[in-house]
Amino acid sequence: MKHLIIVRGGGELGSGIAHCLHRAGFRVLILEQKKPTATRRKVSFSDAMYRGETEVERVTCYKAKNLADAQKRLKKGDVMMIADPEAECVAELKPDVLIDAIVAHENHGMKKDLAAHTIALGPGFCAGRDVDVVVETGRGHNLGRLIYEGYSSKDADHGNGTVGESPNIEHLVFAPADGRVEMLRTISLMVRKGEIIGHLHAKNEGKEETIEIKATIDGVLRGAVYDGIKVSAGQKIADIHPTMGQEECYTISDKARCIGGSVLEAVMAWESKKPKHRLFGRS
C-alpha cells in the first residue's frame with residue numbers, strides 16, 4: 001500500500017508518532033498486543049484494542065476487524081490499529097516506513113530489510129545495522145536527536161522515563177505480584193501518598209488474596225493500566241505526577257510530541273532523497 005507507515009506499539013510515544021504522521025498526511029497503521037499494558041491511556045491509541053476506538057487530541061484511532069478491514073479504512077484516511085505484536089502483516093502490506101515504538105529496550109525482530117526505511121526508538125537498536133535511524137529517547141539535550149550510526153544513550157544516562165529531570169522512579173507504581181488489577185481511582189484524579197488506588201487479586205499457594213495498591217507520592221494519577229488486566233510482578237501499573245495539572249493527562253506530552261516531530265523529520269529527510277518515487281508525488 002502506497003504512503004503507508006506502520007508503527008509497532010501504540011503506547012504514549014508510539015501514539016505521539018502516529019498522531020504527528022497522520023496530521024502530516026500519511027496513512028498510519030499501529031500494531032499492538034491483544035491486551036496492551038500502556039499506563040498513559042488518555043494519550044495512547046492502544047486503548048482502541050479494548051474500546052474499539054479512542055481519540056487523542058482530535059485524532060481517532062480505530063481497531064480493525066481484520067487486515068482487509070484495516071486496508072480499506074486506511075485508504076479512507078483513518079488511523080487504524082490491529083492486533084499483531086509480531087508484525088506478521090508487514091510482509092504483506094510492504095509499508096514505505098516501519099517504526100519500532102515498543103520501547104522495550106531490546107530488539108524484538110526489527111530488521112532493516114522489513115521496509116524501505118526503518119526507524120526505532122531508544123536503547124536496544126544499532127543505527128545502520130538493525131535499522132536505518134535510531135531516535136534518542138533519553139531526556140536532556142539530545143532528546144529526539146536522529147542517530148544514523150551507532151546506538152542511543154542508555155536510560156541510566158538521562159533518567160529516561162522519569163518525571164522532569166529527576167533520576168528516581170518513586171512516581172511509578174509496580175505490581176507487587178502476578179495477578180489481576182482492579183483500579184479504584186481513575187486517571188486525572190488527585191491522590192495522596194499511601195492512599196489505596198487499587199487492588200491486585202493474586203494467588204498465594206492456590207488461594208486468592210487481595211493486595212492493596214497504594215500511591216507512592218502525592219500528585220495526579222496520570223496513568224494506570226486498563227481495569228481488570230492481568231499483570232506480572234514488577235510490571236508498571238500506574239504513574240503519578242507531583243506537579244502536573246489534571247488537564248495535562250489528556251494532552252500529548254512534550255516528550256512524545258518532540259519524538260513524533262523527530263520521526264517525521266526522519267521520514268521526510270529519507271523521502272526527499274528519492275525524487276523519482278516521492279511519497280506525495282511532488283516534482
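Could you give me the residue pairs with C-beta distances under 8 Å whose first residue belongs to the stretch 223-237 and is not assigned by TED's automatic domain parsing to the domain that holds residue 180, whose second residue is buried (at least 18 other Cβ atoms within 10 Å of the Cβ) wherever it lies, and which are 6+ apart or on separate chains?
So the pair list comes out empty.
Considering only residues that are surrounded by 18 or more Cβ atoms within 10 Å (Cβ to Cβ) and of a type in the set (Lys, Arg), which ones fall in the stretch 30-89?
Answer for the stretch 30-89, where residues must be surrounded by 18 or more Cβ atoms within 10 Å (Cβ to Cβ) and of a type in the set (Lys, Arg): 40, 41, 42, 63.
Can you confirm whether the stretch 112-119 contains a residue that is part of a helix (DSSP H, G or I) and under 18 Å from residue 28 (Cβ atoms)?
Step one: filter the stretch 112-119 for residues part of a helix (DSSP H, G or I), giving 112-114.
Next, from what is left, pick out any that are under 18 Å from residue 28 (Cβ atoms): 114.
Yes, the stretch 112-119 contains at least one residue that is part of a helix (DSSP H, G or I) and under 18 Å from residue 28 (Cβ atoms).
Condition first: part of a helix (DSSP H, G or I), over 22 Å from residue 268 (Cβ atoms) and touching a residue at least 12 places away in the same chain (Cβ under 8 Å). Can you find one or more residues in the stretch 76-90 that meet it?
Pass one, the stretch 76-90, residues part of a helix (DSSP H, G or I): 90.
Retained after the next criterion (residues that are over 22 Å from residue 268 (Cβ atoms)): none.
No: zero hits.
Quick one: in the stretch 212-253, of everything that is of a type in the set (Gly, Ala, Ser) and surrounded by fewer than 22 Cβ atoms within 10 Å (Cβ to Cβ), which residue is nearest to residue 19 (Cα to Cα)? Give the steps one after another, and end with the answer.
Within the stretch 212-253, the first condition is being of a type in the set (Gly, Ala, Ser), and the residues that meet it are 215, 219, 223-224, 228, 232-234, 238, 245, 253.
Applying the additional criterion that residues be surrounded by fewer than 22 Cβ atoms within 10 Å (Cβ to Cβ) yields 215, 219, 228, 232-234, 245, 253.
Values: 215: 31, 219: 27, 228: 27, 232: 30, 233: 32, 234: 30, 245: 22, 253: 12 Å.
That would be 253.
Filter the stretch 145-186 down to residues that are over 19 Å from residue 211 (Cα atoms), surrounded by fewer than 15 Cβ atoms within 10 Å (Cβ to Cβ) and among the polar types (S, T, N, Q) and give me whichever is modelled with the lowest pLDDT.
So, considering only residues that are over 19 Å from residue 211 (Cα atoms), surrounded by fewer than 15 Cβ atoms within 10 Å (Cβ to Cβ) and among the polar types (S, T, N, Q), the one modelled with the lowest pLDDT is 166.
Restricting the stretch 129-141 to residues that are in contact (Cβ under 8 Å) with a residue 12 or more places away in the chain and not hydrophobic (A, V, I, L, M, F, W, C), which is nearest to residue 119 (Cα to Cα)? Steps first, answer last, please.
Step one: of the stretch 129-141, the residues in contact (Cβ under 8 Å) with a residue 12 or more places away in the chain are 129-140.
Keeping just the survivors that are not hydrophobic (A, V, I, L, M, F, W, C) gives 129-130, 132, 136-140.
Working: 129: 11, 130: 9, 132: 6, 136: 11, 137: 13, 138: 16, 139: 19, 140: 21 Å.
Restricting to residues being in contact (Cβ under 8 Å) with a residue 12 or more places away in the chain and not hydrophobic (A, V, I, L, M, F, W, C), the top hit is 132.
For the stretch 14-27, indicate whether the set of residues that are surrounded by 17 or more Cβ atoms within 10 Å (Cβ to Cβ), in contact with a Lys or Arg (Cβ under 7 Å, 6 or more places away or on another chain) and part of a loop (DSSP other than H, G, I, E, B) is non-empty.
Step one: of the stretch 14-27, the residues surrounded by 17 or more Cβ atoms within 10 Å (Cβ to Cβ) are 14-22, 26-27.
In the following step, the residues that additionally are in contact with a Lys or Arg (Cβ under 7 Å, 6 or more places away or on another chain) were identified as 16.
Narrowing the set further to residues that are part of a loop (DSSP other than H, G, I, E, B) leaves none.
No, the conditions are met nowhere in the stretch 14-27.
The values are calculated or read from the model by the stated rules, or taken from the named source; none is laboratory data. Nothing here was measured: the structure is a model prediction, and the numbers come from that model. When we count neighbours, we look across all protein chains shown, and the Cβ atoms used for this are built from the backbone with ideal geometry, even at glycine.
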